[in-house]
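Every number in this text was worked out from the coordinates using simple rules, so none of it is lab data. Note that the structure is predicted; figures quoted are calculated from it, not measured. Cβ atoms come from the backbone with ideal geometry, glycine included; neighbour counts cover every protein chain shown.
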Amino acid sequence: MPQFPIKPSKPPGISATGDLLAWTQSDIENRLGFRGGRHTNVNHLLALIIGILGTVIVYGLSVSVLQRFPYTEPVAAMILRPSNQYTMVPATIFFFAGIAVLLLKARKLGFQRRALDLAAVPDEPEFTLTEGTAATVLSRMHSMVDQTRYFILLNRIDRALSNLRNIGQVNDVSTILRAQAVNDEDQVASSYTLLNGLVWAIPVLGFIGTVQGLSMAIGQFTQTLQASGDVAVIRTSLQGVTAGLATAFETTLIALVFALVLQLWITFMQKREMAFLDECNDYCHSHVVSKLRLLAGDESGARGGDRDLVK
């Protein structure tokens with residue numbers, strides 16, 4: 001069977017945007033001077049630093065700006081209340097760290113999606129994938145990026161075609177693509193472990209603040225009951241009671257709002273990442289599996305693997 005020449009729609013090494021896709025130079029974490037997490041995983045140290053910086057900014061704005069306006073002064077009072085700080089500070093750090101993880105994941109996902117625009121496998125209808133053309137496609141793909149292992153889609157195709165080039169078993173291509181698709185889904189799910197822990201920890205900190213505030217209020221109320229008929233003493237004691245109740249309810253309110261925002265954003269990002277993985281599966285079906293040349297000994301196995309490939 002004659003080998004069809006590969007006619008790239010753009011010069012080798014050039015993406016749809018006209019540039020080499022270099023993960024080491026374009027990944028947001030690498031550009032900030034931190035070690036980039038693989039695929040859409042995020043460097044947790046960078047997220048923690050951003051969380052601390054965000055907390056410092058919020059407290060700075062509360063002191064310098066929010067306290068000066070009548071409409072924002074109650075918010076500043078909740079944030080700056082001394083009895084709230086034991087739980088408010090770590091809860092705020094966790095919240096902004098979670099926001100940082102989600103923002104970084106969004107940037108990294110956008111970069112991963114650029115691989116879908118690469119013409120890694122020729123679009124010509126007459127082109128077929130064999131042991132011979134697989135080597136050419138791999139060389140073409142490696143010329144478009146710095147390393148294929150940094151890209152979810154290209155890493156999946158690289159593993160499958162490397163097997164085809166080395167072993168020549170067409171039916172193994174579908175099996176490898178299916179297994180790698182499962183691995184990618186597991187990796188994406190594991191990248192949300194820290195976020196799920198933060199969503200759990202923030203309300204717990206709020207409840208700790210609630211217990212702390214109620215304890216303060218009960219202690220002050222006991223002093224109020226022990227006070228004699230002195231109105232001034234009773235008034236002072238009641239101020240301590242209300243301060244404790246404020247701590248109890250404010251910390252819970254803020255923590256629940258933080259957790260709600262994070263959980264909604266996490267759900268949205270998970271949906272986007274799952275949609276991207278589905279696009280990778282479709283790409284592999286359209287540009288890899290559908291172009292395999294079925295040899296006599298491989299036809300039944302390849303068809304079976306094609307049916308089993310994750311959609």
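Can you work out the Karplus-derived ³J(HN,Hα) for every residue in the stretch 73-80? Use 6.51 cos²θ - 1.76 cosθ + 1.60 with θ = phi - 60°, whole Hz, and x for glycine or proline.
Rounded to whole hertz, the list is 4, x, 5, 4, 5, 5, 5, 9.
Using the Karplus equation 6.51 cos²θ - 1.76 cosθ + 1.60 (θ = phi - 60°), what ³J(HN,Hα) coupling, rounded to whole Hz, does each residue of the stretch 189-204 give in order, writing x for Gly and Pro?
Once rounded to whole Hz, the list reads 4, 5, 5, 9, 4, 4, 4, 5, x, 5, 4, 6, 6, 4, x, 4.
What are the ³J(HN,Hα) values, in whole Hz, obtained from phi via the Karplus relation 6.51 cos²θ - 1.76 cosθ + 1.60 with θ = phi - 60°, for each residue of the stretch 126-143 in sequence order, with x given for Gly and Pro?
Taking θ as phi minus 60°, the curve returns 7, 6, 10, 9, 9, 4, x, 6, 4, 5, 5, 5, 4, 5, 4, 5, 5, 7 Hz for the stretch 126-143.
Taking amide H atoms as placed 1.01 Å from N in the peptide plane, list the residues 5 or more away in sequence, or in a different chain, whose amide H sits under 5 Å from that of L292.
L129
Count the net charge of all other residues whose Cβ sits under 15 Å from the Cβ of E250, scoring Lys and Arg as +1 and Asp and Glu as -1.
Values: positive: R81; negative: E73.
Residues near E250 contribute 0 overall.
Could you give the length gained by full extension between W200 and E124, i.e. 0.36 nm per residue of separation minus their alpha carbon distance, to one decimal place?
22.3 nm
Would you mind putting 193-200, 106-113 in packing order, based on average other-beta-carbon counts within 10 Å, highest first?
For the peptides 193-200, 106-113, the packing ranking is 106-113, 193-200.
Amide H of Q147: which non-local residues (sequence gap of 5 or more, or other chain) have their own amide H closer than 5 Å, using H built in the peptide plane?
Residues meeting the criterion, in which the H sits 1.01 Å from N, are W23.
Output the peptides 274-282, 145-153, 68-76, 130-138 sorted from most to least packed, where packing is the average of other Cβ atoms within 10 Å over each peptide's residues.
Those peptides, ordered most packed to least, come out 145-153, 130-138, 274-282, 68-76.
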